[in-house]
1. What number goes with the only condition from (1) out of contact with any strand residue (DSSP E or B) (no Cβ under 6 Å at 6 or more places or on another chain); (2) buried (at least 22 other Cβ atoms within 10 Å of the Cβ); (3) modelled with pLDDT of 95 or more that residue 236 does not pass?
2. Between 256, 286, which is in contact with a strand residue (DSSP E or B) (Cβ under 7 Å, 6 or more places away or on another chain), under 26 Å from residue 144 (Cβ atoms) and surrounded by fewer than 16 Cβ atoms within 10 Å (Cβ to Cβ)?
3. Name the single residue, out of those in region 215-231 being without any contact (Cβ under 8 Å) to a residue 60 or more places away in the chain and buried (at least 18 other Cβ atoms within 10 Å of the Cβ), that is farthest from the chain's Cα centre (by Cα).
4. Among (1) closer than 30 Å to residue 91 by Cβ; (2) more than 17 Å from the chain's Cα centre (by Cα), which single condition is residue 243 missing?
5. Which condition does residue 136 not pass, out of (1) modelled with pLDDT of 90 or more; (2) over 18 Å from residue 304 (Cα atoms); (3) touching a helix residue (DSSP H, G or I) at 6+ places or on another chain (Cβ under 6 Å), if it passes all the others?
6. Evaluate the following for residue 58: is it in contact with a helix residue (DSSP H, G or I) (Cβ under 6 Å, 6 or more places away or on another chain) and in a helix (DSSP H, G or I)?
7. If you check 144, 100, which single one turns out to be surrounded by 20 or more Cβ atoms within 10 Å (Cβ to Cβ), part of a helix (DSSP H, G or I) and touching a residue at least 60 places away in the same chain (Cβ under 8 Å)?
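The values are calculated or read from the model by the stated rules, or taken from the named source; none is laboratory data. This one's a predicted model, so the numbers in the text were calculated from it and none came from an experiment. Ideal geometry is used to build each Cβ from the backbone, glycine not excepted, and the neighbour counts take in all protein chains shown.
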């Protein structure tokens, strides 16, 4: 099994337990105590997971190779402190996702960078395909959904989507739903199409290969070298022909987030079957270019702690 598949299974399995723990901490002790717990968790996992440390450092070194990235990191070369902060940011995101899901929105501050087009689509009753990534806190979309009365469907690799939806409903969140993603079944595409036809929004995380690594991928230049991305989300976008956006929610300070929305293909466009691969490649290339811009600007918000470029042979690093 690939490192990305192992990390996917570990993060999904761990996040369900972590969310229950984080819910108790937030509701019983408050977010400030939660931040202290998040810092302790970051230290624990950084010390325990050598492969995660090495992956973090290699990624941060790639960011540091870009002038804008060095400025965002605040140093020429990342060291142990940078790696710890990287782990801390993912721990903090777990805490804040439960804050959002539990409805404690007054504890969070959210600003927008490019969301106007999505709001205009919602006002017109039109849906869109939103391609996300393991950057920042995508659950902040729940915040956006509540504020602007949007219906958001998140396509994910959960084998217990019904249980996750029940968990969301128990927190009073009816506007965000989880659709189970099965790369080997046409049912996922049919569910996505039905949501879009109802004028809803569908979110697909498009930066990580499915557990098992059997789905089609394509290598695209990313932070200096080719990296493999799943091709399915982009082929789905080319097939359905709805507007396509990149959406990320990045942490910019204590309980402060910015919703970043960028058009990948703002206008609906049906693509003939014979041209769909070419169109999908165009969408993937645009997505990766936008992803790189965000990583360089917000380097500690990237949460893929495995050998993303498959360059493990370079040496252990951290």
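1. Status for residue 236: all satisfied but (3).
2. Answer to the selection: 256.
3. My answer is 231.
4. (1)
5. Of the numbered conditions (1) modelled with pLDDT of 90 or more; (2) over 18 Å from residue 304 (Cα atoms); (3) touching a helix residue (DSSP H, G or I) at 6+ places or on another chain (Cβ under 6 Å), the odd one out for residue 136 is (2).
6. Criteria not met by residue 58.
7. Testing whether each residue is surrounded by 20 or more Cβ atoms within 10 Å (Cβ to Cβ), part of a helix (DSSP H, G or I) and touching a residue at least 60 places away in the same chain (Cβ under 8 Å) leaves just 144.
Here is a yes/no grid of residues against (1) in contact with a helix residue (DSSP H, G or I) (Cβ under 9 Å, 6 or more places away or on another chain); (2) modelled with pLDDT of 95 or more; (3) closer than 25 Å to residue 116 by Cβ:
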{"residue": "249", "(1), (2), (3)": "yes, no, yes"}
{"residue": "257", "(1), (2), (3)": "yes, no, yes"}
{"residue": "281", "(1), (2), (3)": "yes, yes, no"}
{"residue": "286", "(1), (2), (3)": "no, yes, yes"}
{"residue": "290", "(1), (2), (3)": "no, yes, yes"}
{"residue": "294", "(1), (2), (3)": "yes, yes, yes"}
{"residue": "297", "(1), (2), (3)": "yes, yes, yes"}
{"residue": "305", "(1), (2), (3)": "yes, no, no"}
{"residue": "308", "(1), (2), (3)": "yes, no, no"}
